[in-house]
Amino acid sequence: MISTIKLLLKDLLHQAGVEVRWLRHVNSEESVLRSIVAATRPTAVLDVGANVGQFAGVVRKLGYRGSIVSFEAIPAVHAVLSAAAKSDSNWVVAPCAALGSSPGSAPMHISQNSVSSSLLPMHSTHLNAAPDSVYVDSQVVRVERLDMLAAGLVPAAGDLLLKIDTQGYERPVLEGATALLPRICAIQVELSLVPLYEGAASFTEMVAFIQNLGYELFSIVPGFRDVQSGRLLQVDGFFVRH
């Protein structure tokens, strides 16, 4: 019945001069994540750079009901995230800290829109494309390794899906996750096509680094774009273990 209705609708639209093609796969974050979660069945999702919990909302919308562990470095944002997680018994928020290759502390540059906040200085290319990403404050935050901060928060066994959204600081996060890597079955990470943050790894450097860890590129989804020039500045890269 459904296929018949589709054919009738397509015929009517064709008569009106509109060509319709039904797409089985849509290149979006949700569709790629759905495929990866279905294939890997992670026991837990590690949400690094959680902000106020947007990514947790996405994976719950996809039907994932496993454990989510979120990490956020800015105290004010961490408080909002923690409040949001209280409504979900299988969603844990780690103690407030940034993640890097080694423990310590560092100044966090806080952006006006909060989602562009980073441990790295911002390039003018980013600011010109998104004026609301301007840094408005700086705050010294605690820095921890992911494998140390996650200890005791993730299930003792099972595969993990790791999402990293740390505005140019993705490689140090992975360098601080070595003890967890044998359990990480898939990685979602931001990849910059042009320099957006000073000292950040380039697209090719990050892809090569993650591949050398034993993962292969599964899909790329367009992300941050300069709407004035139309240039794509950043994408989400999805990797799965060989």
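Observations
- Residue check, residue 227 at pLDDT below 95 and surrounded by fewer than 17 Cβ atoms within 10 Å (Cβ to Cβ): yes
- Restricting the range 99-121 to residues that are out of contact with any helix residue (DSSP H, G or I) (no Cβ under 7 Å at 6 or more places or on another chain) and in contact (Cβ under 8 Å) with a residue 60 or more places away in the chain, the residue that is nearest to residue 230 (Cα to Cα): 115
- Residues that are within 25 Å of residue 73 (Cα to Cα) and assigned to a strand (DSSP E or B) occur in the range 164-173; there is at least one.
- Residues of the range 124-150 satisfying the condition of being part of a loop (DSSP other than H, G, I, E, B) and out of contact with any Gly (no Cβ under 9 Å at 6 or more places or on another chain): 130, 134, 150
- Qualifying residue in the range 131-143 (condition: closer than 23 Å to residue 66 by Cβ, modelled with pLDDT of 95 or more and more than 15 Å from the chain's Cα centre (by Cα)): no
- Checking 136, 93 one by one, the residue that is at negative phi and surrounded by fewer than 22 Cβ atoms within 10 Å (Cβ to Cβ) is 136 and no other.
The values are calculated or read from the model by the stated rules, or taken from the named source; none is laboratory data. Just so it is clear, the structure is predicted and the values come from calculations on it, not from any experiment. As a convention, Cβ positions derive from the backbone with ideal geometry for all residues, glycine included, and neighbour counts pool all protein chains shown.
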